[in-house]
Amino acid sequence: MDQQKIKILVLFYSLGGHTAKLAEYVAQGAREIPGVEAMVKQVPEILPAEFFADKPELKTVKESLTHIPTATLEDLTSADGVAFGTPVHFGSFASQLKQFIDQLSPVFIKGAMVGKPAAFFVSAGSVHGGEEAALISSMIPLLNLGMIPIGVPYPIQGESAEFDAGSPYGAIFVSGYKGDKEITSGDIKIAQILGKRLSAMAKIIKYGCEQFPECSFLSHKYE
Ligand SMILES: Cc1cc2nc3c(=O)[nH]c(=O)nc-3n(C[C@H](O)[C@H](O)[C@H](O)COP(=O)(O)O)c2cc1C
């Protein structure tokens, strides 16, 4: 049995359920590394109840996600690596995720996320709707917190369906204009690879320092 335990948090916001779907595949991939416990959690909704009053489809989706717990700051700081997921909203990441991140000043001050790996995944309506911009913009605050971004480089993305899936910056699910596109096998493969790379890196950083003291420099305070 692998005694080297790792906690991975897959943290997402989803309005229409597509990012939530991708989150499960990222977690599946993360669990492929021995010793990994991967939790899937969501950030709190900040849209008012009135927003959903005349949108029964979205209300139904919201209700279908209530079994997924809402993340606390402790969930974040106790994780050895975190995957962040968001829908693309007007070419960037959703304000719900930003709202959660903007509560992290105490975490920032303590340096609690410094040296931990972070991965990113998005769902968008259209192929050129701003996926890469959203992935990269969501990295920026986490780089501020000292996290180390993990991508999916091209040699891993492979050929055929999976070559067109995801991006070097993270996993992607394009849900279509009507939001009715099915997630492809390529999307799933890239999301799983992203999760697995995240937990592999988290394990190396957490336990590799026992063998390679240089790696503890990643989370040291500068003197
Ligand atoms: C407020 C808002 C803004 C959006 N802006 C974009 C956009 O800029 N580009 C895009 O491709 N899709 C955009 N979409 C579509 C969503 O990104 C897409 O439906 C995605 O799959 C939703 O993910 P979710 O089901 O997890 O919420 C937008 C949707 C909303 C509600």
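The values are calculated or read from the model by the stated rules, or taken from the named source; none is laboratory data. As the structure is a prediction and not an experimental result, all values here were calculated from the model. Every residue, glycine among them, receives a Cβ derived from its backbone with ideal geometry; neighbour counts consider all protein chains shown.
Here are the numbers:
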read-out	value
Members of the range 1-21 found to be more than 8 Å from the ligand (Cβ to nearest atom) and hydrophobic (A, V, I, L, M, F, W, C), listed by number	Met1, Ile6, Ile8, Leu9, Val10, Leu11
Filter result (assigned to a helix (DSSP H, G or I) and either crowded, with 16+ Cβ neighbours inside 10 Å or touching a Phe, Trp or Tyr at 6+ places or on another chain (Cβ under 8 Å) (or both)) within the range 54-82	Leu58, Lys59, Val61, Lys62, Asp75, Leu76, Thr77
Meets criteria (under 27 Å from Glu131 (Cα atoms) and either surrounded by fewer than 19 Cβ atoms within 10 Å (Cβ to Cβ) or in contact with a helix residue (DSSP H, G or I) (Cβ under 8 Å, 6 or more places away or on another chain) (or both)) for Lys21	no
The range 152-169 - residue that is in contact with a Ser or Thr (Cβ under 8 Å, 6 or more places away or on another chain) and assigned to a loop (DSSP other than H, G, I, E, B) and, of those, modelled with the lowest pLDDT	Ala165
Qualifying residue in the range 193-211 (condition: of a type in the set (A, V, I, L, M) and within 16 Å of the ligand (Cβ to nearest atom))	no
Single residue of Gly129, Gly115, Gly85 found to be within 11 Å of the ligand (Cβ to nearest atom), in a loop (DSSP other than H, G, I, E, B) and in contact (Cβ under 8 Å) with a residue 40 or more places away in the chain	Gly129
Hits in the range 124-151 - residues which are closer than 14 Å to Gly166 by Cβ and more than 13 Å from the chain's Cα centre (by Cα)	Ala124, Val127, Glu131, Glu132
